[in-house]
Amino acid sequence: MNKNILQKMPCSLESKLRVAVIGTVGVPACYGGFESLVDNLLDFTPPNVEYTVFCSGRKYEKRLESYKGAKLVYLEMDANGKDSIFYDFKSMKLSVVTKADIMLVLGVSGCVFLPYTRRIFKGKIITNIDGLEWRRDKWKWYAKKLLKLSEKMAVKYSDVVIGDNKGITDYIKSEYSKIVKNKKVELIAYGGDQVSRVQDDSLFEKYPFCKKPYAVTVCRIEPENNVHVILESFSKMPDETLIFVGNWEKSEYGRGLKKKFSACKNIHLLDPIYEGHTVNWLRSNALVYIHGHSAGGTNPSLVEAMNLSLPILAFDCVYNRATTEEKCLYWKTPEDLQNLMKKLCHSELDSESLCEKIAREMGEAGKRLYSWEQIAKQYNALYQ
């Protein structure tokens, strides 16, 4: 065991519950959903809880010793991809050595090692299994088998299993009915109220195509996010502008789509934007938010769009219907999306347009269901 790492771990505090957070790139959040989850949970840390967050040293040039009261421990490994299994396992081992009271495991990558960890760790293990990662097409068959096994080990050896969407918790209870009979399965979503509407006319200079009405999408460029369906649809609607933010160069899938649709004058393909002010400005000024995710549970970008009171056109799957309380409009094919764009932009319900109605209902649901204070209370209750 690396002595330098151990020296940076928090000392035992008898009066506090020591919660080790495993499975993220780290905080401050600069990456994805789990990182944002942890960043926001730290804002509502109870007085009797002390967090330790394991971070990938390869992603942080500036290494803080603490952040929002949490201790940060850096591992010289990548937190994602094939390395994530061993990144998580090393984090688990360090949590055992330093006598954490609770492991909060985010994602199932390293859970294949939970049978071993469970034998040597006497504290509570809480695992958020995220979406059904093994179903994603980007994984080869053997990776899918390993992820499915890890999911099963997460459910079997955790004291509490968290799903972020009713579709996920229903799946857990059905798929592992014998295992979870006497186990806690909790539904805890994501918050989205950290975002706010932005008005900044100076950004029109950089994004002049935003001066006229547009639809916006922000996501990872993966088949399960139906990127090809969205682009195909807008390529046949030359009068409708689409702004699509994503990591186009990350995969062959993304590079192929970028090459195919870059010539469409009404489609603007932007590289990832990690500066929140600009992303919120792009979303705030949009006519409509297009959400194509199909494989995960409750998606952070969707609840953020809801909190921004945007009218939403979402891919038709059980997860998106649950998140939006079946109050937005849903599509599956390019033709569906084209028809919904026409319907949304040209329909009226008495004095309120359909666009305004959906925006209002999304805003109300977002504020009622997806506040970080509420989400943090649910997590904090599991620690006690």
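Given the conditions (1) more than 23 Å from S301 (Cα to Cα); (2) in contact (Cβ under 8 Å) with a residue 12 or more places away in the chain, and given that W141 satisfies all but one, which numbered condition is not satisfied?
Single failed check for W141: (2).
Considering only residues of region 25-42 that are among the β-branched types (V, I, T) and in a loop (DSSP other than H, G, I, E, B), which is surrounded by the most Cβ atoms within 10 Å (Cβ to Cβ)? Quick ask: steps written out before the conclusion?
At the first step, the residues of region 25-42 found to be among the β-branched types (V, I, T) are 25, 27, 38.
Cutting the leftovers down to in a loop (DSSP other than H, G, I, E, B) gives us 25, 27.
On the way: V25: 22, V27: 25.
By that ranking, first place goes to V27.
Given A286, A359, A295, which one is part of a helix (DSSP H, G or I), surrounded by 17 or more Cβ atoms within 10 Å (Cβ to Cβ) and not assigned by TED's automatic domain parsing to the domain that holds G32?
Numbers: A286 fails: part of a helix (DSSP H, G or I); A295 fails: part of a helix (DSSP H, G or I).
A359 is the lone residue from the list that is part of a helix (DSSP H, G or I), surrounded by 17 or more Cβ atoms within 10 Å (Cβ to Cβ) and not assigned by TED's automatic domain parsing to the domain that holds G32.
Applying the selection to region 43-72, what residues are more than 22 Å from I129 (Cβ to Cβ) and not in a loop (DSSP other than H, G, I, E, B)? Write out each step before concluding.
As a first pass, look at region 43-72 and keep what is more than 22 Å from I129 (Cβ to Cβ): 43-50, 57-72.
Passing the criteria: D43, F44, V49, E50, G57, R58, K59, S66, Y67, A70, K71, L72.
Could we say that T241 is touching a Cys at 6+ places or on another chain (Cβ under 9 Å) and either free of Cβ contacts under 8 Å to residues at least 40 places away in the same chain or surrounded by fewer than 23 Cβ atoms within 10 Å (Cβ to Cβ) (or both) here?
Working: touching a Cys at 6+ places or on another chain (Cβ under 9 Å): yes; either free of Cβ contacts under 8 Å to residues at least 40 places away in the same chain or surrounded by fewer than 23 Cβ atoms within 10 Å (Cβ to Cβ) (or both): yes.
In short, yes.
Those residues that are in a helix (DSSP H, G or I) and surrounded by fewer than 16 Cβ atoms within 10 Å (Cβ to Cβ), I need them from region 196-222; list them, please.
Taking region 196-222 and keeping what is in a helix (DSSP H, G or I), we get 201-204, 208-211.
Across region 196-222, the qualifying residues are D201, S202, F204, P208, F209, K211.
Quick check on region 364-371. Is at least one of its residues under 20 Å from I230 (Cα atoms) and either outside the structural domain of F234 (by TED's automatic domain parsing) or surrounded by 18 or more Cβ atoms within 10 Å (Cβ to Cβ) (or both)? First the steps, then the outcome.
Of region 364-371, the ones under 20 Å from I230 (Cα atoms) are none.
Within region 364-371 (the criterion being under 20 Å from I230 (Cα atoms) and either outside the structural domain of F234 (by TED's automatic domain parsing) or surrounded by 18 or more Cβ atoms within 10 Å (Cβ to Cβ) (or both)), the answer is no, since none of the residues qualifies.
Out of all the residues in region 87-105, is one or more among the polar types (S, T, N, Q) and farther than 30 Å from S15 by Cα? Can you show your working first?
As a first pass, look at region 87-105 and keep what is among the polar types (S, T, N, Q): 91, 95, 98.
From what is left, the residues that are farther than 30 Å from S15 by Cα are none.
Among the residues of region 87-105, not one is among the polar types (S, T, N, Q) and farther than 30 Å from S15 by Cα, which makes the answer no.
Inside region 106-163, can you point out the residues that are aliphatic (A, V, I, L, M) and in a strand (DSSP E or B)? Walk me through how you get there before you give the answer.
Within region 106-163, the first condition is being aliphatic (A, V, I, L, M), and the residues that meet it are 106, 108, 112, 114, 120, 125-126, 129, 132, 143, 146-147, 149, 153-155, 160-162.
Listed by number, the residues that qualify are L106, I125, I126, V160, V161, I162.
As an exercise: evaluate Q199 against (1) modelled with pLDDT under 95; (2) of a type outside the set (V, I, T); (3) under 22 Å from the mean Cα position of the chain (by Cα) and give the number of the one condition it does not meet.
The failed condition is (3).
Take S12 and tell me if it is modelled with pLDDT of 90 or more and among the polar types (S, T, N, Q).
Working: modelled with pLDDT of 90 or more: no; among the polar types (S, T, N, Q): yes.
Considered against the rule, which asks whether it is modelled with pLDDT of 90 or more and among the polar types (S, T, N, Q), S12 comes out as no.
Considering only residues of region 244-254 that are out of contact with any Pro (no Cβ under 6 Å at 6 or more places or on another chain) and closer than 23 Å to K206 by Cα, which is surrounded by the most Cβ atoms within 10 Å (Cβ to Cβ)?
F244
Among the numbered criteria (1) in a strand (DSSP E or B); (2) not assigned by TED's automatic domain parsing to the domain that holds M103, which one does H228 miss?
Of everything listed in (1) in a strand (DSSP E or B); (2) not assigned by TED's automatic domain parsing to the domain that holds M103, H228 misses just condition (1).
The values are calculated or read from the model by the stated rules, or taken from the named source; none is laboratory data. Being a predicted model, the structure only gives us computed values, none of them experimental. FYI the Cβ positions are ideal-geometry reconstructions off the backbone, even for glycines, and counts take in every protein chain you see.
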